[in-house]
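Scroll down for the structure; my scribbles are underneath it.
The values are calculated or read from the model by the stated rules, or taken from the named source; none is laboratory data. Predicted model only: the values in this text are computed from it and were never measured. Note that we place each Cβ from the backbone using ideal geometry, even for glycine, and neighbour counts take in every protein chain shown.
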Amino acid sequence: MAPMIENEDAAAAFGILADTTRIAILRAFARALEGADVGSNDPFPALAFSEVYDRVDVDSTSQLSYHLEQLDGTYLRRTDDGWTFTFAGESIVRLVLSGAYAGDVDFDPVPVDTPCPICDAEALRVVVEDLLLFWACEDCERRMGGLPVTPAQVRGRDPEGVLSSATARMVTRYWRFRENACPDCGGAVELELQESAASVDALEWTAVGCCRQCRRSIHGPPSIWLVSHPASVAFHWDRGVDVRTFGFRELTGRVTAGRWGTNRVDAGEYRVTYRLEDAELRLTVDETLSVSSTARVRTDPSGDPD
Ligand SMILES: [Zn+2]
Ligand SMILES: [Zn+2]
């Protein structure tokens with residue numbers, strides 16, 4: 001078990017933020033960026049005391065000094081150029097701007113004609129609960145996905161847009177977990193291959209990743225986990241397919257159709273395969289999905305490989 005941050009320290013740090021003036025001070029740094037070109041790639045700027053004072057509604061300079069002292073060290077720090085964000089200050093202001101602190105988002109369930117990868121149902125519903133997007137099956141009552149959605153992501157997008165913005169990150173999320181860096185907090189990840197409880201042959205194996213720090217978890221067939229491996233990206237790209245753009249439907253469809261699969265070849269050794277046209281890519285992996293070798297083989301397009 002990883003050492004937990006002391007509750008008292010966290011409570012003290014968050015306690016500092018329980019003040020509208022201090023939130024306004026932190027937002028002033030983001031507001032200073034408004035109107036900046038997207039291409040400028042400016043970091044949040046350092047602001048002189050007078051620049052903060054101009055942007056925040058406080059009664060006096062001494063009141064502003066008091067609040068800056070409170071934020072000093074945890075959320076802001078003093079530099080020669082003025083006040084600037086610490087990592088925590090920047091993270092908090094991004095959280096504030098995304099609206100992710102403010103309860104659930106408004107998202108009416110959307111029916112999609114994506115078949116259920118677990119049972120025979122021909123359609124699923126996309127739902128958002130507790131800021132997580134799921135594909136829900138009414139027949140087998142499974143929920144799949146669990147992709148984080150923020151209010152910023154829903155704002156100004158129709159349901160289709162929300163869906164594609166969430167699924168665009170699917171392959172990337174697996175990749176980040178596989179690279180041992182939680183996509184949400186950067187923490188180290190524990191990865192384990194399990195024999196799947198699903199009754200579908202194609203889903204015989206499933207890999208589960210869990211962040212040791214924030215406990216965010218993700219699961220799915222090894223072929224989905226490894227689709228972003230360079231050997232797979234190149235194999236598909238050579239045949240005109242960009243797998244990095246695949247969403248839920250494209251990924252699960254290939255697994256349930258048996259074109260992507262996983263077999264155990266030995267104790268602690270597995271083969272993950274991708275079939276496309278007259279070729280097959282084979283990745284040899286261990287139980288942490290670390291790839292030890294790759295091979296492309298020709299197959300008979302009309303039948304099974306080998
Ligand atoms: Zn189902
Ligand atoms: Zn995490």
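The residues in the stretch 98-127 that are modelled with pLDDT of 90 or more and either within 9 Å of ligand 1 (Cβ to nearest atom) or of a type in the set (Val, Ile, Thr) (or both) can be counted, and the count is 9. The condition of being within 19 Å of ILE16 (Cβ to Cβ) and in contact (Cβ under 8 Å) with a residue 24 or more places away in the chain does not hold for TYR101. A Cβ distance below 6 Å, combined with a sequence gap of six or more or placement on separate chains, defines the contacts here; from the stretch 203-218, residues that are closer than 26 Å to ALA257 by Cβ reach residues that are of a type in the set (D, E, K, R) in the pairs VAL208/GLU192.
Residue-level check: of (1) within 15 Å of ligand 2 (Cβ to nearest atom); (2) modelled with pLDDT of 90 or more; (3) touching a Cys at 6+ places or on another chain (Cβ under 9 Å), CYS140 misses just (1). Just one of the listed residues (VAL291, VAL285, VAL227) is of a type in the set (Val, Ile, Thr), under 25 Å from ALA168 (Cβ atoms), crowded, with 16+ Cβ neighbours inside 10 Å and touching a strand residue (DSSP E or B) at 6+ places or on another chain (Cβ under 6 Å), namely VAL291.
For ALA166, the conditions (1) in contact with a helix residue (DSSP H, G or I) (Cβ under 8 Å, 6 or more places away or on another chain); (2) in contact (Cβ under 8 Å) with a residue 40 or more places away in the chain are fulfilled apart from (2). Considering the conditions (1) within 14 Å of ligand 2 (Cβ to nearest atom); (2) more than 21 Å from GLY261 (Cα to Cα), LEU133 is excluded by exactly one of them, (1).
Does the stretch 161-173 contain any residue that is surrounded by 17 or more Cβ atoms within 10 Å (Cβ to Cβ), within 14 Å of ligand 2 (Cβ to nearest atom) and under 21 Å from LEU289 (Cα atoms)? So far as the stretch 161-173 goes, yes, one or more of its residues are surrounded by 17 or more Cβ atoms within 10 Å (Cβ to Cβ), within 14 Å of ligand 2 (Cβ to nearest atom) and under 21 Å from LEU289 (Cα atoms).
For the stretch 80-113, give me the residue count where each residue is part of a helix (DSSP H, G or I) and under 17 Å from the mean Cα position of the chain (by Cα).
4
Inspection of the stretch 243-256 identifies at least one residue that is in the same structural domain as LEU283 (by TED's automatic domain parsing) and outside any helix (DSSP H, G or I).
Taken over the stretch 247-279, the residue count meeting the criterion of being buried (at least 16 other Cβ atoms within 10 Å of the Cβ) and not small (Gly, Ala, Ser) is 17. Scanning the stretch 211-235 for residues that are in a strand (DSSP E or B), within 16 Å of ligand 2 (Cβ to nearest atom) and of a type outside the set (Val, Ile, Thr) yields CYS211, SER217, HIS219.
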